[in-house]
Amino acid sequence: MAVFLWKNLFQTTKGRTLQQRGSSLYNGALDYDEELIKKKLQQFAGGSVNLSKEHSGIGILTLNNSRLMNAFTGTMMLELQERVTELENWKDGKGLIICGAGNTFCSGSDLNAVKAISNSQARWDEYVHVYAKYLDQAYEVLCFLYSSLLPLISIALVQGKALGGGAELTTACDFRLMTPGSEIRFVHKHMGLVPGWGGAARLVRIVGSRAALQLLSGADRVDPERALRLGLSEGTLSSSDEAVSLEEARAWLSQYTEGPASVIQAVKKVVTAGRELPLEAALRTEKDVFGTVWGGPANLEALAKRQKHK
């Protein structure tokens with residue numbers, strides 16, 4: 001029941017967004033051949049999205065396109081979807097750290113790929129179909145990360161710069177940790193754009209509408225100190241070294257992922273339901289999720305130990 005509610009809400013929200021984006025971008029895109037679009041996105045190659053799954057139940061997802069500050073190419077966007085699907089099916093998963101290779105987080109879309117897409121198409125409408133799919137792919141994956149459909153507690157480990165779509169990606173995580181000298185910046189205004197991957201709506205929920213309006217309209221650089229004041233970051237790590245900061249992020253996350261995976265995932269589901277669903281649906285979801293752990297191995301073990309809480 002809970003999964004049905006979430007998937008139904010996700011599809012409804014996606015449909016509304018497609019309508020709101022307007023006919024200039026999406027007219028006819030929905031009946032375009034999916035496999036053909038996938039092949040066209042694969043033409044804009046470069047970089048990779050790597051995933052390692054640790055015995056502790058923490059996954060490390062690394063964006064690797066250091067030549068372009070880990071900007072997303074067409075193939076990277078497809079790989080991100082594949083990695084997230086793999087995480088969805090990870091029964092022992094409890095937490096996720098998203099980071100970038102080469103001591104920087106992500107600079108959003110690969111603008112060279114975007115230009116190539118438009119220049120390589122013989123007809124404008126074909127370009128629209130391909131680029132619309134690229135945007136839709138990013139939007140879907142980030143919404144999936146943000147929802148309880150991926151019930152892992154997630155952290156964006158922000159090293160170096162998180163710009164544009166990279167800044168949007170940080171908002172799709174439950175928490176953000178920043179290294180000294182790093183920054184988050186929504187630079188969309190300078191490109192004549194607004195966020196299109198769901199970053200604005202999520203930013204409002206994280207920092208409030210006034211701060212979100214300032215960050216978007218001013219394209220402000222948000223350093224670790226300001227991010228902490230705004231509630232955009234949970235803290236500043238002690239080192240900007242790639243290996244050291246990853247270990248610090250892993251230690252920070254482990255305090256919230258201690259315990260059975262089934263319980264940690266259940267916690268994430270009920271909290272996300274409370275945030276995203278209407279109250280009545282959230283209450284039903286919570287009851288349904290409770291039913292999946294009540295009488296389960298972790299519950300029975302705790303009862304047998306007769307634990308006392310001080």
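Going through (1) open to solvent by less than 20 Å² (accessible area, probe 1.4 Å); (2) at pLDDT below 90; (3) of a type outside the set (S, T, N, Q) one by one, Cys106 falls short only on (2). Cβ separations smaller than 6 Å between residues 6+ apart or across chains give the following pairs from region 283-307 residues that are aliphatic (A, V, I, L, M) and in a helix (DSSP H, G or I) to residues that are open to solvent by less than 40 Å² (accessible area, probe 1.4 Å) and at pLDDT 95 or above: Val289/Ala266; Val293/Ala266.
Among the residues of region 61-77, the ones that are open to solvent by 10 Å² or more (accessible area, probe 1.4 Å) and either among the hydroxyl-bearing types (Ser, Thr, Tyr) or within 14 Å of the chain's Cα centre (by Cα) (or both) come to 3 in all. Taken together, Leu193, Leu228, Leu283, Leu213 contain a single residue that is modelled with pLDDT under 95 and open to solvent by 30 Å² or more (accessible area, probe 1.4 Å), which is Leu193.
Kindly provide the set of residues from region 85-96 that are more than 15 Å from the chain's Cα centre (by Cα) and open to solvent by less than 60 Å² (accessible area, probe 1.4 Å), ordered by number. Before the answer, list the steps.
Within region 85-96, the first condition is being more than 15 Å from the chain's Cα centre (by Cα), and the residues that meet it are 89-94.
Across region 85-96, the qualifying residues are Trp90, Gly93, Lys94.
Here Leu216 meets each of (1) part of a helix (DSSP H, G or I); (2) free of Cβ contacts under 8 Å to residues at least 24 places away in the same chain with one exception, condition (2).
Here the condition is being among the charged types (D, E, K, R), open to solvent by 40 Å² or more (accessible area, probe 1.4 Å) and modelled with pLDDT under 75; of Glu34, Glu82, it holds for Glu34 alone. In region 143-164, the residue that is farthest from Phe105 (Cα to Cα) out of those that are modelled with pLDDT of 95 or more and open to solvent by 10 Å² or more (accessible area, probe 1.4 Å) is Ile153.
Once region 71-106 is narrowed to residues that are part of a loop (DSSP other than H, G, I, E, B) and not hydrophobic (A, V, I, L, M, F, W, C), the residue that is nearest to Trp252 (Cα to Cα) is Lys94.
For the condition in contact (Cβ under 8 Å) with a residue 24 or more places away in the chain and assigned to a loop (DSSP other than H, G, I, E, B), what is the one hit in Ser148, Ser154? Talk me through it step by step, then tell me what you get.
Numbers: Ser154 fails: assigned to a loop (DSSP other than H, G, I, E, B).
The conditions single out Ser148.
All told, Gly259 meets the bar of being exposed (fewer than 14 other Cβ atoms within 10 Å of the Cβ), out of contact with any Phe, Trp or Tyr (no Cβ under 6 Å at 6 or more places or on another chain), more than 20 Å from Glu183 (Cα to Cα) and among the small types (Gly, Ala, Ser).
Does region 63-104 hold any residues that are in contact with a Ser or Thr (Cβ under 8 Å, 6 or more places away or on another chain) and acidic (Asp, Glu), and which are they? Listed by number, the list holds a single entry, Glu79.
The values are calculated or read from the model by the stated rules, or taken from the named source; none is laboratory data. These numbers were taken from a predicted model, which means no experiment stands behind them. Positions of Cβ are backbone-derived with ideal geometry, glycine not excepted, and every protein chain shown enters the neighbour counts. We work out accessible area using only protein heavy atoms, side chains counted, and drop any ligands, DNA or RNA first. Shrake-Rupley method; radii C 1.70, N 1.55, O 1.52, S 1.80 Å.
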